[in-house]
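Notes to accompany the following structure.
Laboratory data are not the source of any read-out in this text; all were calculated from the coordinates shown. Being a predicted model, the structure only gives us computed values, none of them experimental. Cβ atoms come from the backbone with ideal geometry, glycine included; neighbour counts cover every protein chain shown.
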There are 4 protein chains.
Amino acid sequence: MSRTKVVLIGAGFIADIHAESYHRFVPDAELVGVYSRSEDHARAFALKHGIACWFIDLGEALAQTDCDVADICLPNYLHARVTIDAAKAGKHVIIEKPLCLTLEEADELITTCKAHNVKLMYAEELCFAPKYERVRQLVREGALGSIYYLRQCERHSGPHSDWFYDLNQSGGGALMDMGCHGFAWFRWMLGAETKALSVFAQMQTGLLHGARTRGEENSVCVVEFDGGVVGVVENSWAKLGGMEDRVEVCGTGGVVYADLFMGNSALTYSEKGYGYAMEKAGSTQGWTFTNFEEAFNQGYPQELKHFIACVRSDTPPLTTGEDGRVVLEMLNAAYYSARIGEKVSLPFRPTVSRPIDLWLGNESPSIRL
Amino acid sequence: MSRTKVVLIGAGFIADIHAESYHRFVPDAELVGVYSRSEDHARAFALKHGIACWFIDLGEALAQTDCDVADICLPNYLHARVTIDAAKAGKHVIIEKPLCLTLEEADELITTCKAHNVKLMYAEELCFAPKYERVRQLVREGALGSIYYLRQCERHSGPHSDWFYDLNQSGGGALMDMGCHGFAWFRWMLGAETKALSVFAQMQTGLLHGARTRGEENSVCVVEFDGGVVGVVENSWAKLGGMEDRVEVCGTGGVVYADLFMGNSALTYSEKGYGYAMEKAGSTQGWTFTNFEEAFNQGYPQELKHFIACVRSDTPPLTTGEDGRVVLEMLNAAYYSARIGEKVSLPFRPTVSRPIDLWLGNESPSIRL
Amino acid sequence: MSRTKVVLIGAGFIADIHAESYHRFVPDAELVGVYSRSEDHARAFALKHGIACWFIDLGEALAQTDCDVADICLPNYLHARVTIDAAKAGKHVIIEKPLCLTLEEADELITTCKAHNVKLMYAEELCFAPKYERVRQLVREGALGSIYYLRQCERHSGPHSDWFYDLNQSGGGALMDMGCHGFAWFRWMLGAETKALSVFAQMQTGLLHGARTRGEENSVCVVEFDGGVVGVVENSWAKLGGMEDRVEVCGTGGVVYADLFMGNSALTYSEKGYGYAMEKAGSTQGWTFTNFEEAFNQGYPQELKHFIACVRSDTPPLTTGEDGRVVLEMLNAAYYSARIGEKVSLPFRPTVSRPIDLWLGNESPSIRL
Amino acid sequence: MSRTKVVLIGAGFIADIHAESYHRFVPDAELVGVYSRSEDHARAFALKHGIACWFIDLGEALAQTDCDVADICLPNYLHARVTIDAAKAGKHVIIEKPLCLTLEEADELITTCKAHNVKLMYAEELCFAPKYERVRQLVREGALGSIYYLRQCERHSGPHSDWFYDLNQSGGGALMDMGCHGFAWFRWMLGAETKALSVFAQMQTGLLHGARTRGEENSVCVVEFDGGVVGVVENSWAKLGGMEDRVEVCGTGGVVYADLFMGNSALTYSEKGYGYAMEKAGSTQGWTFTNFEEAFNQGYPQELKHFIACVRSDTPPLTTGEDGRVVLEMLNAAYYSARIGEKVSLPFRPTVSRPIDLWLGNESPSIRL
């Protein structure tokens, strides 16, 4: 069987991680093209990663590469449209989180993919991060007894790309960017049959990036699940010192703590500093947590390898568009909770253009439950 | 100046820690008596700690020892009555957390102490724990810039003494027992002039101790403060593996993580096991976190040394009955929030016999705001 | 180009790790056969790893599989003979550490491989372990200034297989088994042009395994290098609690600490215990350090991927038979030092059947310098 | 009983730690005077610590304060003379490590103290550091089975005071300064009846301080004990990033790791930096290990409290001049070993002016065994 052809839609930070992951760990995939809205970025990316073709026209990228899979690494507001275009072009889709901006978009892209008989694979890498997967196995082995509490925390000092800060492109701030990981990971840990019942959220803005965005910079959410489990998600765009991604799981028979970055690192003291310690680390003078194999440890190669295998064997992916839609629903509930100061029950299907509007109140959302 | 005479009211777990603390670190104090409701406990405690007199009658304990200070280490439901009795007997009072069961009791004991011109010192040891005090100094030095987020977590597998599980004696479960630490510590970190605006709480019961109590075993609270700071308190009576007490502080200029138990320990692997690793550790076979100087590291000697110094120099203590009352108010708000699923604004002055009733709904509280 | 055919010579613990590594991470390799002296082991191994053919005759394994590479995972005393047989059969050789038992064997196998124009690749995985490679990069970036001190420590509670304890098969105990890692890693860190000048060693026996072996169970070596760097290697077969593998590098501009096992793990408390925490962990009740991707983190897939790439592109491997021979020389010097209580200068070329005899004094080695 | 009067002989770094320790933790002691060779230092020290009298004449300091105890915190070369003067003046002596420069001096000061019936207390604080004492208790409880290996490591970037770098005042470099801790701690852990049999050492110079001293900056020693236990001591004056003091103990039944500084700290990231993280930390920008109660955690208050109690109750101290002399003997053996590249057997009684001369070979030591 020949290699599965993948075209990367996007040439930014995440696309770079995807490209490295395919190249080093997914031999069954072949990167046949990259698309960017910027010609310079597309060209440079293709050169850096040894990709034969680069495009600034999406239709050409999909058609001329004869690709099997479109791997979409674009700003959030483009997720739906491009997924739909790719599906209509008969391409399987890998879509980065969060799924898209509205539940209507989510419905449409899920339906379109089904209608065109293409796979829709939701790229939630925490479901594949090897340390977190070991944690999930521990739980399945019964090591912790009956789980009652989960905590997931992802924090750093703010994304690199400008679009995150433009709420029309991102749909929200730190929660939109990273809270989706926590929500998805809770569902993954508990099993999809354990429904989330409600979300409470508290948000803060104007911490480090107030001059460039109204988006929330710090967020804490409390999620209730059917059966009594509670999960807490903490996200920040205002935490200095490098990437932080950690989980805790408490059960009646035990507890586990797992830390993806600081908990995997070498500990270095350097008077002069050096090139790179970890994602978003800032200065490397003094003490630093020196990471290695960051993509592998976060689960990117493993998720992409899984998706390509699903395409090749025509099996359903472990993380789907439906999963992404539930997560989006929970994100919406969180924003609305932050506004009204109450738990918001699920299901929750507001009509709103950007999830954050449920918090900021830019419009009167009509809440259909 | 002769030593300040202290009578210990109570002979249980905390009284034991207090006694060791006085003996080793507070030379200006002299333990002149111990009271317990049980003759066996009183006698054994006196013998163990070399205390001259033991009592099973409170009045006698206060009168016959000619004590200056009554250090009250009794079940929560006795806090108010005994504080009032001690104040009326002209004794300064050290009262262990939480202050008492109701705001009415709190008002009364505060007023009585004032009326009898005795000091009322609220024993919140986290305000004195050396590692946490270093953290507070860091913040005051400006090391973290402007703080926006605090997290305090205390968890273990459940208290030793039976009374905790009897809601008539305790007033509530894990939050009542340990959430008061987090609430007090946040106020201590931010300064009393930074008012708590609201509390949201999510509680769980029936985890490890469901057979013996309806009290909450796991609790997470989100506190909003005036000025925008948010604090999260996590407490559990269902976490195995030993005591856990840790904090995080996030600011616009930095972050700090501090762990009182596992973060201070020696790391031991023992095939056979040994005597004692840390508070509530369970088995000592296999890997354990071996602690040392637990009382010192939690702040007990430092708080008692401070209180005795206040008595000797007639200066006001750093942690007062008023602090304890605000914390009780926040506890009440948390229980009510857990019931209604909404943030509860402060001030919050319900009339209720036991804080947990605001959650369990045993009676219809009349909420006076 | 078709896949490189590899036959595994051996079906024990290390062969299992190699097989998993090829299967998951080295798509250019194809495992075409496995050899074991035991028919049961060969058959079971082939079944477990989906290998088409199994053999109990080495000649057949080499000839009938039409393999390109023989990957030798056998007891130390067989390393030389089998390498020579494989080379004579025209197969490239991957030889697990330590290289062999005597310098004469080392000379012969290096010469034979050269004569038959096959690659000889010395499988020292620490030169490929991703965390340690990041450390090496740090040093090359100048992060630590000028290095003056290295420490490498590998300890556990003793190997699984019986042959390690039979000195005729192993050639020595903990140092022979694991000290080769430290010696090789120091040379890798400093560069082969920085010669080791001397070795001092102190050894202990009769700790946990005294009933089954005279081999050393604990060993500490001090190595001097040309230019003034000093390295310390600590090895033990008598350390409970699981695998330990850590390094430290001190320089005039900084320091780095890296821990491969405990430093990469999730931290778990389990009342009941569970299946597997880490290599040689023992009990999983209580606290454990739960590892994941152990082969990847130790460098096995990376070294095998490198070797296969060298075969395919006809380029010299990073770790060679010559490297293995220098390490063997250092091992010999260490054993002799342990006997005479002095540093032993390099080069050191004793004639002795088993390195440990230089310590145990079973025969009078004639020392040719 | 009135307080025990102590005069501090010295007003430098260690004297400061002693003063803080007495003031905060040893109520039975009263600091009645401080002596320094510098009038400015003496005056400033007295002011800072609230000590009534300061002196620049040693005789006056001893006579006019009517002190009971002379606590000697002076450069090494003055230890013997001042101890003898204090003993002749009838004062009990606390002498900081290392005991003195020569075994002759050691004999004389021990004899003089005996002759004048004053206590000689050797201030080795590692025998009192609470975390290390917990480790020792663990061993005594049998938690680790039969011990076979000890490791003690103390490293930093070099002392503050100039005299350390002048070999005529210090007698040696990093080993003289800190190796005494490791040697003493091993004897303390194993019990004085377990004799050290030999010492091997490897030393390096010219790392960070080569311009100002010929003293060794990095040192590793291997000590053999009667009964088979081996200890390794690592010391450095060229390790950046702050104080490091850690131990490991391996036994047939377990293992323990204990870290006094980084292992007790809060973990801080500060963009701007702040006042003080830990002893010898350097910059406080970026990540730092923020310590607290450093004196308490290193054992200074506990050792001084013990010494004062010994004076008050006329009981022998746990750490004596004889202990200090054995340690000095081991230091000498280490320096000589570093020169000849061999283990040096104990007892070892060379005649030499400065221990380091046994390594540097400034004179021909006559070695009397």
Within the protein assembly as shown, the percent of DSSP beta bridges that are antiparallel, given to the nearest 5, stands at 60
Run the reach check for D:K114 against lysines, Cα to Cα strictly under 17 Å, same-chain hits fewer than 8 apart removed. What comes back?
D:K88, D:K91
Ordered by fewest other Cβ atoms within 10 Å, a rough proxy for footprinting exposure, C:I72, B:I147 read B:I147, C:I72
Per residue of C:238-251, what is the mean number of Cβ atoms on other protein chains within 10 angstrom of that residue's Cβ?
5
Which whole-Hz couplings ³J(HN,Hα) result when phi for each residue of segment A:124-138 is put into the Karplus expression 6.51 cos²θ - 1.76 cosθ + 1.60, θ = phi - 60°, listed in order with x for Gly and Pro?
9, 5, 4, 6, 10, 4, x, 5, 5, 5, 5, 4, 5, 4, 3
If each part is reduced to its alpha-carbon centroid, segment D:21-45 and segment C:264-338 end up apart, in Å, by 55
Considering only the other residues whose Cβ falls under 15 Å of the Cβ of A:E248, what net charge follows from Lys and Arg at +1 and Asp and Glu at -1?
-1
Using the reciprocal of the averaged 1/r over all distinct C-alpha pairs, how large is the Kirkwood radius of chain B in Å?
20.9
Read phi for every residue in segment B:113-119 and hand back ³J(HN,Hα) as whole Hz from Karplus 6.51 cos²θ - 1.76 cosθ + 1.60, θ = phi - 60°, with x for Gly and Pro.
4, 4, 4, 9, 6, 10, 7
Please report, for C:Y276, the nm distances (one decimal) from its label point, 7 Å out from Cα along the beta-carbon direction, to the equivalent points in the remaining copies, shortest first.
3.2, 4.0, 5.1
Neighbourhood charge, 11 Å Cβ-Cβ cut-off, centred on A:Q302 and excluding it, Lys, Arg +1 and Asp, Glu -1
-2
Long-range HN-HN contacts of A:L31 with modeled amide H, under 5 Å:
A:V6
Treating the point 7 Å from Cα along Cα-beta-carbon as the label, what are the nm separations from B:K88 to the other copies, to one decimal?
7.1, 8.4, 10.5
Residues whose modelled amide H sits under 5 Å from the amide H of D:W54, counting only those 5 or more places away in sequence or on another chain, are D:V34
Which residue of chain A is nearest the rotation axis onto chain C, counting by its Cβ, and what is the distance in whole Å?
A:P27, 2
For B:N218, enumerate residues with amide H under 5 Å from its amide H, sequence gap 5+ or separate chain, H modeled in the peptide plane.
B:Q204, B:W237
Top of A:G253, A:G215, A:G179 by mean-square fluctuation, Gaussian network on chain A, Cα under 10 Å:
A:G253
Measure up B:K272/D:K239; A:K195/B:K239; C:K119/D:K343; B:K239/D:K280; C:K239/D:K131; A:K131/C:K48 against 31 Å on the Cα-Cα distance and list the ones that go over.
B:K272/D:K239; C:K119/D:K343; B:K239/D:K280
Pairwise Cα inverse-distance average, inverted: Kirkwood Rh of the protein assembly as shown (Å):
34.8
Cβ-defined net charge surrounding B:G173, 12 Å radius [Lys, Arg +1; Asp, Glu -1]:
-1
Expressed as a whole percent, how much of the Cα-Cα distance distribution for segment D:238-292 exceeds 17 Å?
43
Which whole-number percentage describes the relative contact order of chain C, with Cα contacts under 8 Å and a sequence gap of 6 or more?
18
What is the spin-label model distance, in nm, from B:E104 to D:R212 if the labels are put 7 Å beyond Cα along the C-beta direction?
7.1
Please tell me the relative contact order of segment C:27-106 in percent, rounded to the nearest whole number, where contacts are Cα pairs under 8 Å and at least six residues apart.
23
Only loop residues by DSSP count here, and only those with at most 14 other Cβ atoms within 10 Å; note down the GluC sites (Glu not before Pro) in segment D:134-203 that meet that.
D:E193
When chain D is modelled as a GNM with alpha-carbon springs shorter than 10 Å, which of D:N297, D:N264, D:N218 fluctuates the most?
D:N264
Output field shielding_mean for D:277-289 (other chain Cβ, 10 Å radius) holds 5
What does the convex hull of the Cα atoms of segment C:87-215 come to per residue, in Å³, rounded to a whole number?
157
Of the beta bridges DSSP finds with both residues in chain C, what % are antiparallel, to the nearest 5?
60
Take every residue in peptide A:253-264, count the Cβ atoms of other chains within 10 Å of its Cβ, and give the average of those counts.
6
Each residue of segment A:332-348 in order: what ³J(HN,Hα) in whole Hz does its phi give by Karplus 6.51 cos²θ - 1.76 cosθ + 1.60, θ = phi - 60°, with x for Gly and Pro?
4, 4, 5, 4, 5, 4, 4, 7, 8, x, 9, 4, 10, 6, 10, x, 9
Inter-copy distances for A:R43, label 7 Å out on the Cα-Cβ vector, sorted ascending, nm, one decimal, are 6.5, 7.5, 9.5
Convex hull projection area averaged over all views, segment C:150-212, Cα basis, nm²:
5.2
Relative contact order (percent, whole number), segment C:61-215, Cα cutoff 8 Å, 6+ residue spacing:
20
Who wins for biggest fluctuation among A:P355, A:P347, A:P98 in a Gaussian network model of chain A, springs between alpha carbons below 10 Å?
A:P347
